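Here's the structure, in C-alpha cells; my notes come after.
Just so it is clear, none of the values below were taken in a lab; they were calculated from the coordinates. Source: prediction; values computed, not measured. A quick note on method: Cβ atoms are made from the backbone with ideal geometry, for glycine too, and the neighbour counts reach across all protein chains shown.
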Amino acid sequence: MNLSKTDVGFMAVCTGLIVANLYYCQPLIVLIAKEFSVPENVAGTVTYLTQAGYAVGMFFMVPLGDKLERKKQILFTTLAAVLALFLAASATNFVMLQIASFLIGASSIVPQLILPLSATMASPEQRGKVIGTVMSGLLLGILLSRTISGFVGEWLGWRGMFWIASGLCFLIILVIQKQFPVNKPDFKGTYGQLLKSLFTLIKEQPMLREATLINALSFAQFGAFWTTMVLLLSGEPFNFNSATIGLFGIVGASGALAAPLVGKLGDKGQPRKVIGYGLLFLLLSFVVFYFSSESVIGILIGIVLIDVGLQSVHISNQTRVYALLPEARNRMNTVYMSFSFLGTALGSAFGLWLWKVGGWETFSIGCALLSITSFIVYFVTYERKVGAVPKRNIFIK
C-alpha cells in the first residue's frame, strides 16, 4: 500500500500538532517564573526536562514500533500525552510542573512513530519527498507552537496553553483512528532483544553513528538558541512580552518551507552535500547572533539561517538512516532521534549556563564552538568514507 497525498497531509498535520507539545513552554518561561516565584533561568528547566523526557520516551518506546502494530501504539501514546498536558495545566507547584513537563516529553514521541510509518508505506523513489513533507509539518509545529503559545499565554495565561493542547491531542486521536493505515512490523523477538539490538545497530552501522552525532550537535545548537533567546528578548533593550517573543517562531517557518526541497535532493543521491551546507548555515547563524544582541533584524536573519541549516542537516541525515535497514526502521529512528533530542536538552541547559556566565555574546561563542565541532565530525568521517554494514540476521528472530 502506497500513501496518498491526503494520507501524507494528515500525517504531517498530526506530527506538527503533537510535536508542538514540546515547545509551548518556551515563550511562557517568564510567566511561569512569576507565578511560582522562581528565577527565570530556573523556570527554564521545564524546557530541557521536556526534551529529556522526549529522549527517554524515544529510547524505550519508539523501538516497540518494530514489534507492535504501529497505529495502536500511536493511539495509546497520544492518549498518554493528553493526560500529561492535563497534569501540567493543573499543576499546583513548580515541582509538579517539572514532573509534568518530563511526562509531556516522554508521551509526545508520536511524530517519531509516524515518521517510520510514513517511510515504510512510501515507495522508495518517493521516500525522501514523503519524509520531507511530514518533516515540514513537524518543523511548522515546532516553530508556530512558540507563536501560538506566546499569544495564548498573554491572553489566557500559561495554563490556558496546556489546556488547549490537551484538547487538540484528544481530537488528534479521533483523526488517527479514522485515517491512519494499519501496519504490522516483522520483529518477532522479545522487548529485551529489541532494546539490545539498538546497541548492535550503533556498533554495526557507521553511517548511523555519524548521522546521529552530527544531528545531536546540531539539535544542541537549535535548543540552546530557542531557550536562551527568550531571556534576551524579555530583557533590555527589547522588553518584549510572551506574545511578541512568540512571533519570532513565524520567521523560523522558512526551515519548514525548505524541507520538501531538501527531501528531493536526498532522493537524487545528494544528502551528504546538503548536510555540509546545513552545517555552514548553522555556524553563520551564530556569527550573526554574536553581533545582534540589540538588533531585531540581526536576530531574524540568524533565525532563518539556523532553521534552514537544521532542516538541511536533519532531513538529509534522516533520509540516509531510513535507507539502511527497512525492517529496523523504528529502532534506527530511536537511536538517531534519542540522541538528537538528548542534544536538544543538553543544548538548552548549556545555553542557559552560557547566558548566566557571560550573556548573549558568550552564548553565541559557545554555540559557534558546537558548530565547529560538527564540522570536524563531518570532515573526519568523510575522509573515512562512512558507509553502512548491514547485518540483517540480528533484527528478526
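With the Cα gyration tensor of the stretch 35-87 giving a ≥ b ≥ c as the square roots of its eigenvalues, does the rule (a/c under 1.5 for rounded; else a/b larger than b/c for prolate; else oblate) give rounded, prolate or oblate?
Here the stretch 35-87 falls in the oblate category.
Taking the Cα centre of the chain as the origin, how large is its charge dipole in debye, to the nearest 20, when only Lys and Arg (+1) and Asp and Glu (-1) carry charge on their Cβ atoms?
The calculation lands at about 1540 debye.
Can you tell me the Rg and Dmax of the chain, counting just the alpha carbons, in angstroms?
According to the Cα coordinates of the chain, Rg and Dmax are 19.7, 61 Å.
What ranking do 50-63, 4-17, 329-342 get when scored by the average of other Cβ atoms within 10 Å per residue, highest first?
329-342, 50-63, 4-17
Specify the residue with the greatest mean-square fluctuation among G192, G351, G128, computed from a Gaussian network of the chain linking alpha-carbon atoms under 10 Å apart.
G192
If you wrap the stretch 110-181's Cα atoms in a convex hull and average its projection over all directions, what's the area in nm²?
For the stretch 110-181, the mean projected area of the Cα convex hull comes to 5.3 nm².
Using the alpha-carbon centroid of each, what span in Å lies between the stretch 124-184 and the stretch 20-98?
Rounded to whole Å, the Cα centres lie 14 Å apart.
Tally Lys and Arg at +1 and Asp and Glu at -1 over the other residues with C-beta under 10 Å from the C-beta of W226: what net charge comes out?
The answer is 0.
Say R0 is 56 Å: what FRET efficiency, to the nearest 0.05, do W155 and N183 get from their beta-carbon distance?
The pair W155/N183 has a calculated efficiency of 0.90.
Would you mind checking the pairs K71/K178; K72/K203; K72/K188 and listing those with alpha carbons more than 21 angstrom apart?
In this structure, K72/K203 lie more than 21 Å apart at Cα.
Setting aside same-chain residues fewer than 8 positions from K67, which aspartates and glutamates have a Cα under 19 Å from its Cα?
D186, E327
What's the extension gain from E125 to F379 if we count 0.36 nm per residue and subtract their Cα-Cα distance?
88.6 nm
How much net charge surrounds A43 when only the other residues with a Cβ under 12 Å from the Cβ of A43 are counted, with Lys and Arg +1 and Asp and Glu -1?
Net local charge, A43 excluded: -1.
Taking the chain as the reference, fit the longest principal axis to its C-alpha atoms, fit the long axis of helix 296-322 to the helix C-alpha atoms, and give the angle between the two in degrees, 0 to 90, nearest 10.
The two axes meet at around 20 degrees.
Using only Cα atoms, tell me the angle between helix 191-204 and the longest principal axis of the chain; keep it within 0 to 90° and round to the nearest 10.
90
Could you rank the peptides 105-116, 156-167, 284-295 by their average count of other C-beta atoms within 10 Å per residue, with the highest value first?
105-116, 156-167, 284-295
Can you give the helix-only mean residue ellipticity at 222 nm for the chain, where every DSSP H stretch with n ≥ 4 adds -39500 (n - 2.57) and the sum goes over all residues, rounded to the nearest 500 deg cm²/dmol?
Rounded to the nearest 500, it is -27000 deg cm²/dmol.
About the Cα centre of the stretch 283-386, what is the dipole size in debye to 20, counting +1 per Lys and Arg Cβ and -1 per Asp and Glu Cβ, all else neutral?
It works out to roughly 400 debye.
Run the numbers for K34 and E204: contour at 0.36 nm per residue of separation, minus the present Cα-Cα distance, in nm.
Here the answer is 56.3 nm.
Stretched out fully, how many nm does the piece from V296 to I250 gain, at 0.36 nm a residue minus the Cα gap?
15.2 nm
Mind giving me the nanometre distance, one decimal, between the label points for V287 and K356, set 7 Å out from Cα along Cα→Cβ?
In this crude label model, V287 to K356 measures out at 3.2 nm.
What residues from the stretch 269-304 fall in the zone where the backbone N is under 14 Å from a label point 7 Å along the Cα-to-C-beta line of I372?
Only 283-284, 286-287 pass the distance filter.
What residue among M135, F199, W155 has its Cα farthest toward the positive end of the dipole of the stretch 94-220, where the charges are +1 on Lys, Arg and -1 on Asp, Glu, each on the Cβ?
Farthest towards the positive end: F199.
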